[in-house]
1. Would you pick out the residues in the range 960-980 that are of a type outside the set (A, V, I, L, M, F, W, C), outside any loop (DSSP other than H, G, I, E, B) and either at pLDDT below 85 or assigned by TED's automatic domain parsing to the domain that holds residue 1064 (or both)?
2. Which residue is farthest from residue 601 (Cα to Cα), if the candidates are limited to the range 806-826 and must be of a type outside the set (Gly, Ala, Ser) and either surrounded by fewer than 23 Cβ atoms within 10 Å (Cβ to Cβ) or modelled with pLDDT under 95 (or both)?
3. Inspect all residues belonging to the range 1109-1117 and state whether any of them is crowded, with 20+ Cβ neighbours inside 10 Å, more than 55 Å from the chain's Cα centre (by Cα) and assigned by TED's automatic domain parsing to the domain that holds residue 1038.
4. Only residues in the range 1052-1068 that are more than 9 Å from residue 1029 (Cβ to Cβ) and of a type in the set (S, T, N, Q) count as the first member; pair them with residues that are surrounded by 14 or more Cβ atoms within 10 Å (Cβ to Cβ) and modelled with pLDDT under 90, Cβ under 8 angstrom, at least 6 apart or cross-chain, and list the lot.
5. Hey, can you tell me all the residues within the range 1050-1062 that are of a type outside the set (D, E, K, R) and modelled with pLDDT of 90 or more?
6. Take the conditions in contact with a strand residue (DSSP E or B) (Cβ under 9 Å, 6 or more places away or on another chain), assigned to a strand (DSSP E or B) and modelled with pLDDT of 90 or more and apply them to residue 357. Does it pass?
7. Out of (1) in a loop (DSSP other than H, G, I, E, B); (2) surrounded by 24 or more Cβ atoms within 10 Å (Cβ to Cβ), what's the single condition that is false for residue 314?
8. Determine whether residue 732 is in contact (Cβ under 8 Å) with a residue 40 or more places away in the chain and either outside any loop (DSSP other than H, G, I, E, B) or basic (Lys, Arg) (or both).
Amino acid sequence: MLKSAPAQPTTTWLTRSGLALALLSAALLSGCGSVQQPAGQAAVTVPAVTVPAVTGPTVTVPAPKPVASALGRVYEIHFQGVGGSKPSVSLQRLGAGLKTQALVDAPDSLPATLIGLDTFAVGGTRHVRAVYKLTNNTAQTIQHLSFVPINTDPDGSTTTPASAPTVGSTYFNNVTDFGGTAVPDALVSNLTPVTGKVFSAASGTVSTDPEATPYTAIAGTAGLHPAAPSGLIVNGVAGSGWRSVTSLAPGASTNITFAVDFPTNSPKTDPFSFSVVVTTADDQAPLDYTPVHEIQGSGPTSPKAGQTLTTQGVVTANFQDAGQLKGFFIQSPDADADTDAATSEGVFVYCPAACAVKVGDLVRVTGPVSEFNTVTQINPAPGGVTVVASGIALPAPITVTLPVSDWEPLEGMRVRVQGIVTENYKLGRGNTVKVADTRLTQFTQLSAPSVTGYAAHTADIAKRTISIDDASTAQNVATLFGRDNKPLSAANTLRTGDNADVVGVVHYGFDYSGQPDTYRIETTLADATFTGPVRPPAPTVSGNLTVASANVLNFWTTLGNNRGDNTIDDSNSGCTDGGTDAAGRGANNCTEYLRQLDKVVSNLAGLNADVTGLMEVENNAAEGKGGDALRDLVNALNAKMGAGTYAAVSNPNPGTDLIQVALIYKPSKVSLVGAALSDTDPVNDRYPLAQVFQAANGTQFAVVVNHMKSKGSGSGANADQNDGQGGSAARREQQVPRLLDLIQNQIVIGRGVQNVIAVGDFNAYDQETSLVNLRKGLDGVANTGDDLFNVFDSSVYSYQFDGQFGSLDHAFVTQSMKALLSGDSAKWHDNTDEPDILDYNLDFKSADQITNLYNDSAYRSSDHDPLKVGFNLPAIANPAPTVSLSGAATATTNTAYTLDLTSSGAQSATVAWGDGQTDSDVAITNNTLSLTHTYTTASTPTISVTVSRSSDAQTATASKSLTVAAPSTGGGSAVNHLVISQVYGGGGNTGAQYTNDFVELFNPTNASITLTGYKVEYFSGAASAGSGGSVTLNGSLGAGKYFLIQGAAGAASPAPLPTPDETAFGANISASTGRIDLTLNSSLVDRVGFGAGVGVQSEGSAAPAPANTKSVQRKAAGCTDTDNNSADFTADAPAPRNSASPATTCP
């Protein structure tokens, strides 16, 4: 319990009925009959009294009256006005309902007469004592009459209680202050039964009255079962009491001193009146063990270390299950605690062989005392733990208010801590979180870098936090802390910023890695209550333009098992065209990749910005392994939001780092103006990317996306200077001028665009030198025209590290762009506050956790929070049209090449393909246009495009260089286009193997093929118009991969197809004759005619007829294409393959 230090006393002394208090110290009685007061205190006059000797009984017990018991009764000693000038006391026996085994209730069996009342305050503690003469009015001797405090609760009946129940788990009721208001429970718990005290005026000290009845630990009190007064139940019996040192013969009397101490605070709020509830007992043995507080001592180590001792306490926490601490905690009952705040009342019992105890047991423990990892513990030998009683009320938890400078005095004790969750990084692996008094802020988020300041900040943080743990030393436990005392799940999170209310035992232990950690509170799911608001929805910001920024946390399509788990398939079979690499930073396998993709797409779709800057996208080109992470991400995003919703800016210089920055935008909202810009200075670890856009209303603006050097590395001048900036601060300071040069010289001056926003992961908190310099602009002088403005206040965070919060992700705008801010911007806290165990990864999770801890929402899609900024752009009258081009950098002769055009403000386009062919006056619809062209000879043409607006004849031009080569004849496929590889029309018919018809496509090339613009159409018999259904495709298909398109279902249901890649086809394909066409932007790519129908169109002769039990299948697993269906196809049992099927490499 919390105890107080001495100060100056105030004293009140009373007598009653002409009898002075027999235990009054001679030092308190001066010759003039007054109590000597300490200096500075007003004297309280006390009349001179004579204390009569107690020599015999005050009543005579007539015989042969039956034996009447004085035991098992319940009394209240009611103190009134103890802080005033006229205190009083009364002793009342609560007789109703008292029926205990082997006891006979008899009136006046233990009559009491008040001798006197004493109360004084010294050094912040008030001491109260009352002395009663009690007479044994029975026919039997009472051995060591004892008064043991008890705890009472309502019994739940409608009976009016004979007395008020005690407060909480204390032994006190009717506790009120000077004004008669009930005292808060926290103050009631500070009332402590004690041996009576006296004050020495000569020395100014307080000491134990040698004549007072000792308040001492008593063996066997847990075996007492007093019957409660009516309407109440007894819910706990103290392990201590006031115990008479003598026997009391029939008719004899003895003096009993009842004394209570409590810390003082304010005369208005201190306890002024209260009752202590006790039961009577006899023949109770004196304490024969060493109290816990004596074992703990007042220092960092036990003064009893190395001694074999016996102690006793209540089991407050039992952590003997597999993977736990191999022991349990005991704590002295509240009544047994001393008043020294430096001594703990709890201790750990190390029991590796398992001890048969449970929480609520009163146990006696014998064993050597030792120190292990700064923790005092007892190591009992077999048989060294004895259960004295069970069902004992636990000691009340001490309410601890953060910050705490020293947890040592509370080691092993039950405490209650309330605060804010400030770290959940170790929740997944170790079921550990940290709680602080408030959300903690990174030092340089609010303060300039400083070695001394950062050291002071770090020391302060240590005092303000405490770990909450589950007493498990195992990793990856099955049940993790979640909100509302329920296990963590994808739907039931535990976010930083949540409120924490935790009861547990203070321990100094290990984290899940097995390394010594720090003080922590060991608790259980039931005792750790975390609550918080609903997760924040995606932000909606005002304005006619929105710009966002999102770190997508190593979104890679090159997969690899880089965590040492050989059970994970790292083949990347049927997933992406990025291959594998053991150094891969993102998903390890296809399952992880698809989970990550879904989360990232949900995040970006939730932002729904017109332009979004991305960080940590795999730079596949730098690796040379094939694949295109940015392409695949955009395709997946468009699959969710609608075809063509987003397009990617072509990066002129992605650099050589394994990750790159990127820009995606909505062509329907903005158009590209000119080519993208970059800065290739080698000081940039990842080259920034900039693009000028034009909004639909004609206003032009530029977006720059950045990813500066991280804090986690650096040597020499870039080493961590311990000033709060982390590693590579000097490098970031060097990168800032290059970014400012890109903004000022390449965009503002070079392109004439004043409206610029720079977004990204700057890897610096708000007050770090690099960002201070960035805000000053290229001239390095504050408050000039080239200054940049941080859209977000320093109080807004986007990242959590080491339990502290700040913003690494920023949005800076030029002065002209600042004037266009809508005033409505937000950082979406969908990631930073979430525990990382809720991410896409499979590692360190059980099979149940892989399912229960994941969903495809945006929450924990990254470790950074995204941001979104709104602008109100003014309309420009008749803005000039714009045009930008995209498409592959290479083409193959005699194969359709696709060119995509994005424009604003133009109605038509003329395209010169560079080989003498021109498409003129092609209409532009919805600002986009996709054209195909087939080159017949190898060459290096330049495609030139001119768009025009008829109303005012304004034009814009763009060009694109291309390399055209002949098809590969070795090391890859001789077939250089997407083909139809299988057709089945018997689905659901009699004898059919599958319920649905299907068409299967195959990519025989050695590169991924974008499916956007491809169309599959079914024709029945000799029909020249599509009569059976069609579907337009999206996405992409990796090299050697298959694509399954589900058709109509028949009446029978033999077996479903493997998971189709496309279900919107619905064609009812004939099982005998018909044709399938594959086109790209209306140009025929492949055709399969099958069966003997009259006039069936085909390549060459028709393929053989299928059946209910056969499909037509392209030979060589799809690798053959001689443009003769008869030669290329055969009829065989259907074998549908989808994109998850193994890839086929064509010769």
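The values are calculated or read from the model by the stated rules, or taken from the named source; none is laboratory data. Not measured: the values here are computed from a predicted model. Note that each Cβ is placed from the backbone with ideal geometry, even for glycine, and that neighbours are counted across all protein chains shown.
1. To start, the set of residues in the range 960-980 that are of a type outside the set (A, V, I, L, M, F, W, C) comprises 960-961, 963, 967-973, 976-977.
With the extra rule that they be outside any loop (DSSP other than H, G, I, E, B), the set shrinks to 960-961, 963.
If the condition is that a residue be of a type outside the set (A, V, I, L, M, F, W, C), outside any loop (DSSP other than H, G, I, E, B) and either at pLDDT below 85 or assigned by TED's automatic domain parsing to the domain that holds residue 1064 (or both), then 961, 963 are the ones that fit.
2. Initial filter on the range 806-826 (of a type outside the set (Gly, Ala, Ser)): 808-810, 812-815, 817-818, 820-821, 824.
Still in the list and also either surrounded by fewer than 23 Cβ atoms within 10 Å (Cβ to Cβ) or modelled with pLDDT under 95 (or both): 815, 818, 820-821, 824.
Values: 815: 33, 818: 29, 820: 29, 821: 27, 824: 24 Å.
Per the criteria, the residue is 815.
3. no
4. Final answer for the pair search is 1053/988; 1059/1140.
5. In the first step, residues of the range 1050-1062 are kept if they are of a type outside the set (D, E, K, R); the result is 1050-1060.
Selection gives 1056, 1057, 1058, 1059, 1060.
6. Values: in contact with a strand residue (DSSP E or B) (Cβ under 9 Å, 6 or more places away or on another chain): yes; assigned to a strand (DSSP E or B): no; modelled with pLDDT of 90 or more: yes.
Against the criterion (in contact with a strand residue (DSSP E or B) (Cβ under 9 Å, 6 or more places away or on another chain), assigned to a strand (DSSP E or B) and modelled with pLDDT of 90 or more), residue 357 does not qualify.
7. Every condition holds for residue 314 apart from (1).
8. Values: in contact (Cβ under 8 Å) with a residue 40 or more places away in the chain: no; either outside any loop (DSSP other than H, G, I, E, B) or basic (Lys, Arg) (or both): yes.
No.
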